[in-house]
């Protein structure tokens with residue numbers, strides 16, 4: 001069964017097929033039309049979207065134009081799923097040879113009552129990853145050998161507590177859990193330092209900044225914990241929205257501002273010290289034409305870069321917002337469950353249908369798009385050719401590493417693309433599906449598979 005479809009918490013609907021029609025006539029600020037006046041979005045301009053599965057159209061104004069990408073930098077730490085508290089890492093040195101250095105089992109893989117959902121994190125020569133039953137494993141980064149393991153699963157509990165994630169900070173390992181706990185372990189020994197019970201499961205990974213660790217629970221409650229004691233310093237509950245994607249998100253933080261994604265399709269900004277709301281923006285379409293479009297979840301991590309917040313919703317909006325006011329600089333129709341990647345002059349985004357798009361960071365105009373599933377769509381199941389279903393691989397990422405745009409997919413591939421053209425450069429068979437975005441540390445790309453493994457690619 002298609003993994004993306006079965007991980008929806010509503011209806012079990014299958015992935016929808018990307019429409020073939022051009023939408024240049026319904027896009028704002030002349031996206032996809034001739035490069036004349038109005039090609040740049042006015043501040044706060046909104047979309048008028050007529051269909052659910054619509055494709056971005058490359059702008060003639062950008063045809064054949066190059067764009068700037070910074071050179072790769074060493075990834076000496078990756079303490080949070082997004083690389084840092086802002087979820088903003090542009091270009092790293094990693095995976096130059098695109099070969100598997102080692103692989104290590106970390107415990108339970110995904111099954112009916114559990115899911116592997118969190119990327120690997122790393123610092124101080126160690127890699128930390130969470131399995132499908134909330135056991136965290138500490139591994140040596142060079143060899144993959146296990147240093148310690150610790151579980152937050154209550155004794156005697158059988159399944160049902162999946163989700164959560166891992167973040168690092170101040171010599172501690174912070175683990176959020178579907179078992180309704182936030183836990184801190186000593187990074188060196190694995191000893192539990194504190195554990196705080198909460199009322200609702202937490203499917204997203206924590207984000208650490210200063211003296212606090214932040215999470216968003218399943219009821220769209222943002223909680224700030226003291227990193228030393230685990231005491232709750234503040235919390236804020238948004239609109240409860242049960243229809244959501246089984247890919248959980250994490251807050252982004254810069255200075256005294258916390259950016260929190262919600263399954264309601266909203267993005268909130270809070271004061272980090274007090275929890276006071278500063279602004280909110282809804283990333284959902286006003287016109288919805290299918291059951292899937294009712295799922296408004298901001299499942300990919302929001303990213304803070306150069307004074308703007310980049311975030312995408314499942315219902316079909318990718319936006320660039322001023323971090324001070326929430327005012328949209330531009331919005332475009334992209335239904336996504338992955339985090340955007342702003343880097344250099346552009347923003348990369350992978351849609352839920354498997355389309356990779358490259359947008360101008362300032363205007364939202366499209367340089368090019370590439371269908372990652374070209375040649376990968378297949379028919380499965382059925383009986384003598386009847387009642388079969390269309391299977392489209394789902395994709396996670398991207399990560400820009402050593403001049404490759406790197407993604408994983410549900411077919412068990414690690415794929416490297418030319419970041420300027422979208423051409424496939426390298427493909428590596430992982431041996432197992434991966435629904436988790438790759439991360440990087442000390443020259444290696446780290447992949448967590450659905451089978452409950454960490455793979456180091458160098």
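Some notes on this structure:
- Prolate/oblate/rounded label for region 91-155 (Cα gyration tensor, a/c 1.5): prolate
- Ranking of 334, 76 by count of other Cβ atoms within 10 Å, fewest first: 76, 334
- Note on residue 231 and residue 423: their simple-model spin labels are 6.0 nm apart, each label 7 Å out from Cα toward Cβ.
- Alpha-carbon centroids, region 170-228 and region 322-381: separation in whole Å: 30
- Relative contact order (%) - region 334-444, alpha-carbon pairs under 8 angstrom, separation at least six: 17
- In nm, spacing of pseudo-spin labels at residue 76 and residue 195 (7 Å Cα→C-beta vector): 3.6
- Footprinting exposure proxy ranking of 219, 186, fewest other C-beta atoms within 10 angstrom first, gives 186, 219.
- Annotation: for a label point projected 7 angstrom from Cα along Cα→Cβ of residue 142, residues of region 109-126 with backbone N closer than 12 Å are 125-126.
Just so you know, all these numbers are worked out from the coordinates, no wet-lab data involved. It should be emphasised that the depicted structure is a prediction, and the values quoted were computed from it without experimental measurement. Note: ideal-geometry Cβ built from the backbone for every residue, glycine included; neighbour counts use all protein chains shown.
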